[in-house]
Amino acid sequence: DDQLFELTENFAVTLSNAQGGATIGTTSAGSVNILDDDTQPSLQFSAANFDVNENAGTASVTVTRTGATEHVLSVNYSAVTGGSATAGTCGAFSGNDFEPTSGTLNFAAGDNSETFDITICNDGLFEASNETILIALNTQSAPALLGTPNSGTVTIIPNVDPPSVEFSAATSSI
């Protein structure tokens, strides 16, 4: 047992050169299949949704591996537009909520998790509700499968209080 996930392996067996008065019957050849007992590895997000405060600076997203851990694996990730958050370069009052990112996570043998960061823009603007970023995994290396969830969201929780208007005094005279 080599502790590696593998496809079914097989080999042929042929009986020949019988001795001691034995004879070889009509079925003298066969094959043996070695079935793997290790679980095929899969790569997936550790959760379908990640929450981050708008003033946090970054959102860390974790990708986990389940199944066999002996292989070196990789998976591509992306954080892109499509949710309600606005993508672009961060800057004072830019109106952008995050900087889009993509790349490859590499899992060494024995690694069970890796993370990537998304830059969150503290745009300084009042927002009445949470905003979302779409995240996805794709193009994993063999022998890994994409597990579930392999897509999800990062929810940005606003940090600017709503504007308020009030009188400077309860009564005024003109």
Please work out which residue is modelled with the lowest pLDDT, limiting yourself to region 75-87 and to residues that are open to solvent by 30 Å² or more (accessible area, probe 1.4 Å) and among the polar types (S, T, N, Q).
-> 81
When the residues of region 36-65 are filtered to those that are at pLDDT below 95 and among the hydroxyl-bearing types (Ser, Thr, Tyr), which remaining residue is surrounded by the fewest Cβ atoms within 10 Å (Cβ to Cβ)?
-> 39
Residues of region 108-150 being part of a strand (DSSP E or B) and closer than 24 Å to residue 72 by Cβ, which ones?
-> 113, 114, 115, 116, 117, 135, 136, 137, 138, 145, 146
Does any residue of region 3-22 turn out to be at pLDDT below 80 and of a type in the set (A, V, I, L, M)?
-> yes
Could you please find all residues in region 128-147 being more than 22 Å from residue 55 (Cβ to Cβ), touching a residue at least 60 places away in the same chain (Cβ under 8 Å) and over 9 Å from the mean Cα position of the chain (by Cα)?
-> 139, 140, 141, 143, 144, 145
Restricting region 88-107 to residues that are open to solvent by 30 Å² or more (accessible area, probe 1.4 Å) and not in a loop (DSSP other than H, G, I, E, B), which is nearest to residue 131 (Cα to Cα)?
-> 101
Identify the residue in region 105-147 that is at pLDDT below 90, among the hydrophobic types (A, V, I, L, M, F, W, C) and in contact with a strand residue (DSSP E or B) (Cβ under 9 Å, 6 or more places away or on another chain) and, among all such residues, is farthest from residue 65 (Cα to Cα).
-> 142
Of all the residues that make up region 133-155, how many are touching a Ser or Thr at 6+ places or on another chain (Cβ under 7 Å) and farther than 16 Å from residue 62 by Cα?
-> 3
Within region 61-87, how many residues are under 22 Å from residue 154 (Cβ atoms), part of a loop (DSSP other than H, G, I, E, B) and in contact with a Leu (Cβ under 6 Å, 6 or more places away or on another chain)?
-> 2
Which members of region 141-161 meet the condition of being more than 14 Å from residue 120 (Cα to Cα), open to solvent by less than 60 Å² (accessible area, probe 1.4 Å) and not aliphatic (A, V, I, L, M)?
-> 141, 143, 147, 149, 150, 152
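The values are calculated or read from the model by the stated rules, or taken from the named source; none is laboratory data. Remember, it's a predicted structure, so these values are computed and weren't measured experimentally. Here the Cβ is made from the backbone with ideal geometry for all residues, glycine too, and neighbour counts use every protein chain on show. These accessible areas exclude ligands, DNA and RNA; they are computed on the full protein's heavy atoms, side chains included. Shrake-Rupley method; radii C 1.70, N 1.55, O 1.52, S 1.80 Å.
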